[in-house]
Amino acid sequence: MSRAKVSRKSTAIDMTAMCDVAFLLLTFFILTSKFKVEDPVPVDTPGSSIQQPIPDDNLAVITVGSNKAFFSVDGSDVRIAALQEMGKLYNIQFTPDEERKFAATAIFGVPISQLKQFLNMDAEQKKSVQQSGIPRDSVSNELFNWIRESRKAAAALHQKQLRISIKGDSKEEYPVIKDIIAILQKQEVNKFSLITSLRGASK
Amino acid sequence: MAELDTSGGGKKGGKVRSKKASTRVDLTAMVDLAFLLITFFILTTTLSKPKAMDIAMPDKDEKKPDEQLAVAASRTMTIILGKDDKLEWFVGEPGKSAPTVDGYGKNGIRKALIEKGKEIQDKFGKYMVVIIKPSAKSVYKNTVDIIDEMNITAVKSYAIVDITPVEIGLLQKDGLY
């Protein structure tokens, strides 16, 4: 009389399929995630209860912090076109190499007279240099022109109205924001958005 | 690796066979790592997405000045933003009624907005109009907060307007400028 033997099963599970799925998902998330552009000045966006996310493309962002204005616009073709127009306006000739560098610059905040110098810096220098912000006084009004040329370029290249948003620091004093809004209103941009972050559950 | 040898027994005394190396690789650690990274990417992509608060400013067209007088003063609530996260509000024309000093958030202006909104709705049968006037001493956060309150309390009509000297005077009287 022999006892019925319980066949011992292997405890190893085939993980190949699981691994495949995991890496597939990983690839998807890496590719879809957008790299965060670091702001040249610390900007702490105020919280709000708004749920609507910012649009992914065709967006120009005016970043305001420490009384300085920075400008960034989506799309390298729009950037190059805007740079060329700005070059014509202020009589500065940009080389194709500089144009390429400008297309790769996510955000900048220097007067156009210093832009050439800024573009020829390497990445490390760009990070450490103190950018003085784009002048927005009524004499040169560079910010006004940057916005207008970008809007023109976006309309010509993509047949779309450029969406404009303001990303301001919580502690920024209102007159600075008022200046920016006045610049936008001067070119009849009455609809724009303010970039906020989601408020925590405290309120 | 982590694979258990379940072949049971050995072949004692049998022919010595050259051992075949298993082709199976233990993937547990790799899967662990992959899921960890997935979790990381999921969390960072959804949480860091900033929100866009759409606002429409009143048209600054000087050709149509009549449109600015279209609203009765009794139906408007004016909110003046002062320093130190404080605000003042009043209904009607400036100087006619004493402004109330209030704070932001749930226990501050929101109550007044809901109460007055209802009151004006009952009295006139029309919605309340809110005029927001940020002073030079207020910070950007205050403006965003007050627009947020507009969205929370579902105020149909609001506008951000430049502050006038009379209203700066009101703020100064209460030490908010």
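Each value in this text was obtained by applying a stated rule to the coordinates, not by laboratory testing. On a predicted model such as this, the values are computed, not experimentally measured, just so you know. FYI the Cβ positions are ideal-geometry reconstructions off the backbone, even for glycines, and counts take in every protein chain you see.
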- Query: Computed over the Cα atoms, what is the radius of gyration of chain A divided by 2.2 N^0.38 Å, N being its residue count?
  - Reply: 1.48
- Query: How far apart, in nm, are two points set 7 Å out from the Cα along the Cα-to-Cβ line at B:D84 and at A:L157?
  - Reply: 5.0
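Taking the convex hull of the alpha carbon atoms in the range B:69-173, what volume per residue do you get, in Å³?
Numbers: hull volume 9.9 nm³, N = 105.
Per residue, the Cα convex hull of the range B:69-173 comes to 95 Å³.
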- Query: Can you give the mean number of other chain Cβ atoms that lie within 10 Å of the Cβ atoms in peptide A:6-15?
  - Reply: 4
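Based on the Cβ-Cβ distance of A:D137 and B:A98, what FRET efficiency does E = 1/(1 + (r/R0)^6) give at R0 = 51 Å, to the nearest 0.05? Let's see the in-between values first.
Numbers: r = 39 Å, r/R0 = 0.77.
It comes out at approximately 0.80.
Taking only DSSP H segments of four or more residues, each worth -39500 (n - 2.57), what value at 222 nm results for the protein assembly as shown once the sum is divided by all its residues, to the nearest 500 deg cm²/dmol? Don't skip to the end; give the middle numbers.
Values: 11 runs with 138 residues, N = 380.
Result for the protein assembly as shown: -11500 deg cm²/dmol, rounded to the nearest 500.
In the structure shown, do any of A:K88/B:K141; A:K88/B:K51; A:K160/B:K51; B:K83/B:K106; A:K152/B:K141; A:K68/B:K86 have a Cα-Cα gap over 27 Å, and if so which?
Pairs exceeding the cut-off: A:K88/B:K141; A:K88/B:K51; A:K152/B:K141.
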- Over the range A:1-123, what relative contact order in percent results from Cα pairs under 8 Å that are six or more residues apart? 19
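Which pairs, out of A:K167/B:K137; B:K111/B:K133; A:K191/B:K156; A:K126/B:K137, put more than 28 Å between their alpha-carbon atoms? The partial results should precede the final answer.
On the way: A:K167/B:K137 19 Å; B:K111/B:K133 19 Å; A:K191/B:K156 16 Å; A:K126/B:K137 33 Å.
Over 28 Å Cα-Cα: A:K126/B:K137.
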